[in-house]
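S.K.: Have a look at this one.
Nothing in this text is a laboratory measurement; each read-out follows from the coordinates by a stated rule. Since the model is a prediction, treat every value here as computed from it, not as a measurement. As a convention, Cβ positions derive from the backbone with ideal geometry for all residues, glycine included, and neighbour counts pool all protein chains shown.
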Amino acid sequence: MLNKKNTPFVIPIFLPNVGCPHQCAFCNQTSITGVTPDTISPVTLRFLINNFLQYKEKDRRSVQVAFYGGNFLGLKKDYIRVLLDETTKFVKNKRVDSVRFSTRPDTIGVEQLDIIKGYPVSTIEIGVQSMDNQVLAMAQRGHTALDTEKAAALLKERSYEVGMQMMVALPGDDETKSLITAQKIISLSPDFIRIYPTVVLASSRLAVWYKKGEYTPWSLSRCVSLVKNLYLFFKSKKIPVIRMGLQASEDLSKETTILAGPYHPAFGHMVHSKIFLDMATSLLEAERGSCDKITIKVHPRSISKMRGLKNKNVENLKRKFHIKSLEIISDLSIAEDKLKIIL
Ligand code: SF4
């Protein structure tokens with residue numbers, strides 16, 4: 001579990017679909033971020049950073065300005081410099097520590113990396129989405145898995161912290177392809193991962209396919225199960241998964257924004273709850289005797305994960321194992337990802 005004090009305070013600057021060579025089939029950043037496509041001026045950037053800095057907790061170790069929602073290295077050279085020059089002023093004043101941005105793998109090249117050399121960029125997130133070329137083609141990404149491999153090598157050479165974003169449930173995707181994608185991503189040694197289930201966003205190409213019956217969104221439970229396996233896979237390789245599911249926002253909760261698909265504002269929590277349910281189930285299955293009354297001990301920070309959304313895990317376990325009384329209590333001596341059952 002990440003300690004909040006050790007994680008950077010991130011100031012998100014959204015540049016929706018700015019710098020993108022075209023619109024990928026699943027994407028509509030305006031729907032996700034609630035911001036209409038536009039570049040921002042240095043004055044606006046300064047205003048946004050200053051505004052966010054007011055909310056920084058005193059004990060946060062570092063501050064990062066993050067450019068999200070578009071394809072940062074696809075922006076015009078001069079504009080990249082304008083944004084980084086402005087942000088660097090905050091770094092020089094010691095109010096910000098570093099910069100991060102997300103970008104497409106096929107825009108990460110020597111020429112682009114030379115532009116950002118010398119600026120305080122510490123972290124680059126690559127929009128990998130899939131390492132299956134057929135899935136990439138169906139999503140109209142316009143790049144291949146090889147572009148991601150080359151990009152990762154270039155970033156590692158230059159010692160950037162590298163994040164990788166993958167999607168599941170894209171057209172043509174399935175559990176096996178997603179697990180192979182995870183395997184290939186692991187071989188590129190990223191520093192962290194984000195996993196996003198595909199949802200049908202209004203005004204995307206996917207929305208057209210969905211309406212024509214050419215794309216069937218995955219159910220929430222199928223996506224939770226797959227992402228759970230991916231999370232455990234990355235965890236076993238000691239690669240942190242820092243986000244699962246789209247960040248909840250007012251815009252996303254509108255019915256007109258997401259037409260269909262496995263969206264849930266607490267998607268990541270659902271994945272963790274499923275992991276706790278599986279752990280408790282396998283421990284109880286190993287117990288042959290009767291268990292009328294049981295107590296499950298977990299770390300205080302894991303209580304809600306053990307309970308599940310709306311106490312679903314508790315109900316599920318009681319029903320499955322004919323338990324009359326099930327109590328969940330906190331115990332600081334137990335690791336956050338473990339549990340102990342007392343019969
Ligand atoms: S997925 Fe990324 S590259 Fe594709 S349109 Fe959206 S922001 Fe641009």
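S.K.: Pairs Lys177/Lys235; Lys58/Lys237; Lys77/Lys117; Lys117/Lys235: which are spaced more than 23 Å apart, C-alpha to C-alpha? Please list the in-between numbers first.
M.R.: On the way: Lys177/Lys235 19 Å; Lys58/Lys237 33 Å; Lys77/Lys117 12 Å; Lys117/Lys235 32 Å.
Too far apart for the 23 Å limit: Lys58/Lys237; Lys117/Lys235.
S.K.: P(r) tail for segment 283-342, what percent of Cα pairs lie past 13 Å? Mind showing how you got there, number by number?
M.R.: Details: 1064 of 1770 pairs.
More than 13 Å apart: 60 percent of the Cα pairs in segment 283-342.
S.K.: To the nearest 20 debye, what charge dipole does segment 220-343 have about its Cα centre, counting +1 at the Cβ of each Lys and Arg and -1 at the Cβ of each Asp and Glu? Don't skip to the answer; put the middle values down first.
M.R.: Details: 22 positive and 12 negative charges, 54 e Å.
The calculation lands at about 260 debye.
S.K.: Over segment 4-265, how many percent of alpha carbon pairs lie in each 10 Å bin up to the one with the longest distance?
M.R.: 7, 30, 37, 22, 4, 0
S.K.: From the phi of every residue in segment 197-211, what ³J(HN,Hα) in whole Hz does the Karplus formula 6.51 cos²θ - 1.76 cosθ + 1.60 yield, where θ is phi - 60° and glycine or proline is x?
M.R.: Running phi through 6.51 cos²θ - 1.76 cosθ + 1.60 with θ = phi - 60° gives x, 6, 10, 8, 8, 4, 6, 9, 4, 4, 4, 5, 4, 5, 5 Hz.
S.K.: Next up: Which cross-chain or sequence-distant (5 or more) residues have an amide H under 5 Å from the amide H of Phe67, H modelled 1.01 Å from N in plane?
M.R.: Under 5 Å from the amide H of Phe67 lie the amide H atoms of Ile13, Arg100, Phe101, Ser102, each far enough along the sequence or on another chain.
S.K.: What residue among Lys324, Lys58, Lys77 shows peak mean-square fluctuation when the chain is described by a Gaussian network model with Cα springs under 10 Å?
M.R.: Sorting by GNM fluctuation, first place goes to Lys58.
S.K.: Would you mind computing, in nm to one decimal, how far apart the modelled labels at Ala202 and Thr7 are, each placed 7 Å from Cα along Cα→Cβ?
M.R.: 3.0
S.K.: If you don't mind, another one. Determine the dipole magnitude for segment 84-230: charges of +1 sit on the beta-carbon of Lys and Arg, -1 on that of Asp and Glu, nothing else is charged, the reference point is the Cα centre, and the result goes in debye to the nearest 20. It would help to have the intermediate numbers written out before the result.
M.R.: On the way: 19 positive and 17 negative charges, 80 e Å.
Charge dipole, segment 84-230, about its Cα centre: 380 debye, nearest 20.
S.K.: For the charge dipole of segment 4-265, defined by +1 on Lys and Arg C-beta atoms and -1 on Asp and Glu C-beta atoms about the Cα centroid, which residue among Cys20, Gln64, Ser189 has the Cα displaced farthest towards the positive pole?
M.R.: Checking the options against the dipole of segment 4-265, the answer is Gln64.
S.K.: What is the distance in Å between the Cα centres of segment 184-229 and segment 48-102?
M.R.: 29
S.K.: Given R₀ = 35 Å, what would the calculated FRET efficiency be for Ile180 paired with Phe47, taking r from the Cβ atoms and rounding to 0.05? If you can, show how the numbers build up before the last one.
M.R.: Numbers: r = 45 Å, r/R0 = 1.28.
It comes out at approximately 0.20.
S.K.: Another one. Please work out how much length the chain gains when fully extended from Lys254 to Lys237, using 0.36 nm per residue of separation minus the C-alpha to C-alpha distance, in nm with one decimal.
M.R.: Numbers: separation 17, 0.36 × 17 = 6.12 nm, distance 3.72 nm.
Full-extension gain reported as 2.4 nm.
S.K.: Using +1 at the C-beta of Lys and Arg and -1 at the C-beta of Asp and Glu, which of Val128, Val208, Leu332 has the Cα lying farthest in the positive direction of the dipole of the chain?
M.R.: Farthest towards the positive end: Leu332.
S.K.: Note the angle between two axes, namely the Cα long axis of helix 77-92 and the longest principal axis of the Cα atoms of the chain, as a number of degrees from 0 to 90, rounded to the nearest 10.
M.R.: 70
S.K.: Full-extension gain between Lys58 and Asp292, please, as 0.36 nm times their residue separation minus the C-alpha to C-alpha distance. Working shown, then result.
M.R.: Working: separation 234, 0.36 × 234 = 84.24 nm, distance 4.84 nm.
Gain on extension, Lys58 to Asp292, equals 79.4 nm.
S.K.: With angles folded into 0 to 90 degrees, how steeply does helix 312-321 sit against the dominant principal axis of the chain? Use alpha carbons for both and round to 10.
M.R.: With rounding to tens, the tilt is 30 degrees.
S.K.: Calculated FRET efficiency, Glu285 and Glu161, Cβ-Cβ r, R0 41 Å, to nearest 0.05? Write out the running numbers ahead of the final one.
M.R.: Details: r = 41 Å, r/R0 = 1.00.
According to the calculation, E is roughly 0.50.
S.K.: Between 0 and 90 degrees, rounded to the nearest ten: what's the tilt of helix 175-187 against the longest Cα principal axis of the chain?
M.R.: Around 60 degrees separate the two axes.
S.K.: Oh, and also: About its Cα centre, what dipole magnitude does the chain give when the only charges are +1 on Lys and Arg Cβ and -1 on Asp and Glu Cβ, stated in debye to the nearest 20?
M.R.: On the way: 49 positive and 33 negative charges, 193 e Å.
It works out to roughly 920 debye.
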